[in-house]
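Trainee: Supplied in structure tokens, the structure appears directly below.
The values are calculated or read from the model by the stated rules, or taken from the named source; none is laboratory data. This structure is a prediction, so every number in the text was calculated from the model and none was measured. We place every Cβ from the backbone using ideal geometry, glycine too, and count neighbours over all the protein chains shown. With ligands, DNA and RNA removed, areas are computed over all heavy atoms of the protein, side chains included. Shrake-Rupley method; radii C 1.70, N 1.55, O 1.52, S 1.80 Å.
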Amino acid sequence: MTAKAKKDYEVIIIGGGPAGLSAGIYTSRSRLSSLLIEMGVVGGRITDAELVENYPGFAEGVSGAELGQLMQKQAAKYGLNIVNAEVTGLELKKDKKVVKTTKGNFNAKVVIIASGSERGKLGIPGEKQLTGKGVSYCATCDAPFFKEKPVAVVGGGNAAISEALHLAKFASHVIVIHRRNQLRATRIMEEKARAEAKIEFLWDTVAEKIEGKDEVKRLKLRQVKTGKQSILDVTGVFVAVGLKPSTDFVKGVLPLDKAGYIITSDRMETKIPGIFAAGDIRQHSPRQAITAAGDGATAAVFAEKFLEL
Ligand SMILES: Cc1cc2nc3c(=O)[nH]c(=O)nc-3n(C[C@H](O)[C@H](O)[C@H](O)COP(=O)(O)OP(=O)(O)OC[C@H]3O[C@@H](n4cnc5c(N)ncnc54)[C@H](O)[C@@H]3O)c2cc1C
């Protein structure tokens, strides 16, 4: 990662996932001075994926971590500057946009927001206190800590099933707790999960409390139809219950939809000239690595046209 002292750029990209990195590949390859600001892992959320089977060009699939590294390498080849900092605000001035970060302010003529989304929380007692002590939001990161131990996954979408499949390689068994009686995950994901002997499902069930002093010991559950409560002895609770858009830093600057996603045109333009948005952060995004990468490329192409004007 390069952290340059330079403060002024033609383009600043917020977020280093597939959308941000694709935008960066395009803008830096077009010789626009470009800075990408990423607060976490360059590569974004796809780096949590065990195996990505639907990104074109990888017939045998590719690990999310490798895909992220390859994108970063490609962007670095064209000279994209990357700084590791959190963006905390955005200020619009007459002649420039000021991007406020934990490492100072940076200025740009164009900003591409590609900050994606983060995992939703359960908001139940014990979750916060036991995070990192058995409560996790990333099986790829934490599954090896649960070798031959029972774990629960809360959620019923693709992310939850992806987590459960990865955990099954380590844990003694994996109980998927879902508040409905059928999954939201795609059929292919469901088929994989049902074929895995270590994975069980608890339907119509919600987690009410995570118990344990210094580590997770058990999960208090409630059957939503009968109201019956039960206890599940597990040492790990993996939460995969939807996403929250990472748009706190643009609140009051850009119009957002009710759920907090950024509304754009099909050119990735927002309501504010010179501010574009790309990837999972966009309203109605299919939230896939390839669509995020496509959005990033589109945003970069129209950002360049904006600068030419
Ligand atoms: C477990 C898992 C498996 C998946 N499997 C697949 C799959 O098989 N195929 C597929 O196509 N998709 C898959 N996805 C979805 C895919 O990862 C996303 O659709 C894709 O990463 C979205 O890219 P993005 O660039 O829009 O956002 P993200 O990848 O979310 O990147 C956004 C980046 O912005 C950064 N950021 C956020 N806020 C700030 C801030 N204020 N300051 C600085 N940086 C900030 C974040 O740290 C993050 O790195 C999977 C996701 C998960 C979690």
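Trainee: Condition (residue is surrounded by fewer than 16 Cβ atoms within 10 Å (Cβ to Cβ), more than 16 Å from the ligand (Cβ to nearest atom) and within 14 Å of PRO150 (Cβ to Cβ)) applied to the range 220-229: is it met by at least one residue?
Mentor: The initial filter retains those residues of the range 220-229 that are surrounded by fewer than 16 Cβ atoms within 10 Å (Cβ to Cβ), namely 223-229.
Still in the list and also more than 16 Å from the ligand (Cβ to nearest atom): 223-229.
Still in the running and within 14 Å of PRO150 (Cβ to Cβ): none.
Scanning the range 220-229 turns up no residue that is surrounded by fewer than 16 Cβ atoms within 10 Å (Cβ to Cβ), more than 16 Å from the ligand (Cβ to nearest atom) and within 14 Å of PRO150 (Cβ to Cβ).
Trainee: Let me ask you something else. Take the range 41-57 and flag every residue that is under 30 Å from ILE12 (Cβ atoms) and either of a type in the set (A, V, I, L, M) or surrounded by 15 or more Cβ atoms within 10 Å (Cβ to Cβ) (or both).
Mentor: VAL41, VAL42, GLY43, GLY44, ARG45, ILE46, THR47, ASP48, ALA49, VAL52, TYR55
Trainee: Consider THR140 against the criteria (1) hydroxyl-bearing (Ser, Thr, Tyr); (2) modelled with pLDDT of 95 or more; (3) farther than 25 Å from GLY260 by Cα: it satisfies all of them except one. Which criterion is unmet?
Mentor: Of everything listed in (1) hydroxyl-bearing (Ser, Thr, Tyr); (2) modelled with pLDDT of 95 or more; (3) farther than 25 Å from GLY260 by Cα, THR140 misses just condition (2).
Trainee: Please verify whether THR27 is crowded, with 17+ Cβ neighbours inside 10 Å and more than 16 Å from the chain's Cα centre (by Cα), treating the condition exactly as stated.
Mentor: Here the answer is yes, as THR27 does meet what is asked.
Trainee: Run down GLY260, GLY242, GLY236, GLY212 and say which single residue is open to solvent by less than 50 Å² (accessible area, probe 1.4 Å), within 15 Å of the chain's Cα centre (by Cα) and within 26 Å of GLN129 (Cα to Cα).
Mentor: Going through GLY260, GLY242, GLY236, GLY212 in turn, the sole match is GLY242.
Trainee: Confirm whether GLY155 is at positive phi, surrounded by 21 or more Cβ atoms within 10 Å (Cβ to Cβ) and within 16 Å of the ligand (Cβ to nearest atom).
Mentor: yes
Trainee: Moving on. Taking only the range 113-172 into account, find how many residues are touching a Pro at 6+ places or on another chain (Cβ under 6 Å) and either in contact (Cβ under 8 Å) with a residue 60 or more places away in the chain or aliphatic (A, V, I, L, M) (or both).
Mentor: 1
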